[in-house]
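Structure, as structure tokens:
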């Protein structure tokens with residue numbers, strides 16, 4: 001400390017920047033204690049005389065404003081939006097160069113500025129009187145000549161002139177108040193401005209000149225502490241810079257996981273001590289995370305970049321699970337068909353996988369006005385391309401509207417149709433096996449991907465042959481893992497792939513059982529120790545690395561948020577003019593060329609009544625329609641209770657609809673005989689239904 005001068009902590013920190021750090025400071029006067037400052041981080045600090053503080057980072061928090069008239073102080077945040085003007089100095093400048101050198105550097109508004117001279121100025125044959133205002137426009141640096149300033153002088157009767165004044169010109173110069181305005185950030189970024197006095201612009205609350213002082217948050221470590229300290233630079237402590245004298249002092253250097261990645265490869269493997277454990281609410285659910293605590297030791301084997309894949313389970317009654325899986329995972333997968341709930345989703349998937357084939361999983365009725373075709377369950381479509389299609393005009397006055405649509409080919413089943421027709425038509429049917437169909441992109445539907453691939457893939461092979469996301473299933477587990485958490489799921493979805501900086505680590509008691517720590521997703525602080533590694537130097541262990549890390553849904557949403565693209569949203573259906581247009585027409589007829597539509601007509605009747613009678617239906621059969629009412633008869637009245645029956649038997653008669661429902665359930669699909677010579681196989685079923693309804697009507701008592 002010999003020859004070093006003590007300065008207030010506030011002043012010394014203000015003279016530093018992050019480029020010159022770290023700096024070692026020594027407390028040279030007073031004892032300071034303020035436990036409330038550190039209550040947020042859960043620690044208290046007492047600075048005593050002689051303590052060494054190693055400053056490793058500073059961050060500007062706010063600005064202290066002092067009124068020089070009454071010494072009142074207040075703080076303003078660094079993001080304060082108010083503007084300030086420089087208060088001219090009362091002391092004169094002796095040269096033009098001194099006045100120019102005190103202007104802010106790096107600001108666009110550093111010039112022009114105005115000054116006056118206490119005495120007259122003579123330049124050759126040109127003389128300026130005392131008190132005349134001169135505005136400096138620019139500084140002219142000429143090679144081999146003395147630098148000059150180009151000034152503008154406003155004369156009488158709006159006459160003006162320009163003069164050049166050497167920087168070394170001596171005199172008694174006074175700065176005039178400028179119209180320049182500065183923000184707090186601009187003032188704090190310029191050492192010249194920071195030393196000036198300012199006043200508020202457009203306010204009468206503080207009219208007196210103010211002196212600004214920056215307040216930093218200081219990050220430091222001490223020789224006897226292992227954690228990073230954070231305290232404001234406004235602490236009333238006098239310190240001295242002893243960086244050159246204390247180079248040999250051993251400070252425990254806390255490192256974040258990002259700092260560990262910047263260490264040279266020769267630093268690994270190493271034994272580290274955990275100074276600050278990960279947060280309780282972490283993004284990970286792995287088994288090793290709860291075991292990491294403060295003062296715990298870990299073995300860092302190596303650092304590097306690992307190719308990872310984010311996999312999710314399907315939503316079900318159980319909570320959805322998410323896994324971060326290394327591409328070194330040796331289990332085998334098979335593809336699973338994807339499900340799409342709109343034509344737009346099919347279009348997006350077809351862009352990534354040309355030649356996509358889908359199967360219709362839910363019947364869609366035709367809506368002629370909106371250009372929606374009829375689709376039957378089981379029909380297969382092959383996507384061709386996206387084109388523009390014209391919607392049919394309902395009104396002759398209305399102009400045709402074009403929308404984006406997906407051109408698909410409806411694939412026919414070669415086994416469909418009657419045998420007689422196949423023999424007669426022969427080759428004609430082969431030519432008509434494909435039918436073009438347009439599906440508007442805004443059309444809602446239910447489709448399932450058609451997959452003929454039965455190949456087993458490794459995880460790293462999917463990125464080469466397919467685009468993500470992708471539905472898969474584990475068909476053979478990773479035998480290198482003790483328990484494979486992916487093997488028990490019926491279906492998994494590969495959400496995306498990423499390259500993650502990883503640190504391969506293990507606990508000293510089990511050095512061969514390694515896990516990978518994602519450095520950018522986990523916050524913890526460690527320090528390298530000089531302790532020996534937990535194995536003989538000539539017998540390094542054979543490492544087994546966990547390849548699956550379970551993560552939380554928060555990790556999944558953060559991953560999705562980072563990968564949000566600027567893709568356009570799905571198109572909206574055309575607007576309907578409700579005042580002029582009619583309701584959209586729905587067609588109930590199926591396409592005669594549809595491969596699966598013939599099967600539907602051949603095996604089942606296209607009526608809702610018959611669908612309600614099948615054993616596979618889950619719907620309740622509808623109530624029978626009321627009997628026909630003649631014009632000359634009053635409407636029938638159905639009594640709420642059968643009084644006569646109740647008086648004789650003591651029980652209410654069963655509901656007629658229940659009888660019909662029970663009888664309907666007893667009609668199995670196989671008992672309905674079909675007429676081989678008829679084109680309609682459901683006529684007998686309709687007759688049966690009519691007979692049943694007549695019996696129900698006879699049981700109704702009319703008054």
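Here are the numbers for the structure shown:
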quantity	calculated
Relative contact order of the range 88-176, pairs being alpha-carbon contacts under 8 Å that are 6 or more residues apart, as %	38
Residue order, fewest to most beta carbons within 10 Å, for 118, 80	118, 80
The range 148-225: Cα Rg divided by the 2.2 N^0.38 Å rule of thumb	1.78
Centre separation in Å (Cα based) which lies between the range 124-189 and the range 280-320	65
Order of 196, 560 under a 10 Å beta carbon neighbour criterion, fewest first	560, 196
Spread of Cα-to-Cα distances over 10 Å intervals beginning at zero, given as percent, for the range 488-527	21, 35, 32, 12, 1
Spin-label pair residue 141/residue 161, simplified geometry with 7 Å Cα→Cβ offset, distance in nm	3.0
Exposure proxy ranking, count of Cβ atoms within 10 Å, fewest first, for 383, 153	153, 383
Rounded D (µm²/s) - the range 223-354, Kirkwood Rh over Cα pairs, Stokes-Einstein at 37 °C, 0.692 mPa s	156
Protection proxy ranking of 176-188, 537-549 - average other beta-carbon atoms within 10 Å, highest first	176-188, 537-549
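Readers should treat all values here as calculations from the given coordinates under stated rules, not as data from a laboratory. Here the structure is a predicted model, which means the values were calculated and not measured. Positions of Cβ are backbone-derived with ideal geometry, glycine not excepted, and every protein chain shown enters the neighbour counts.
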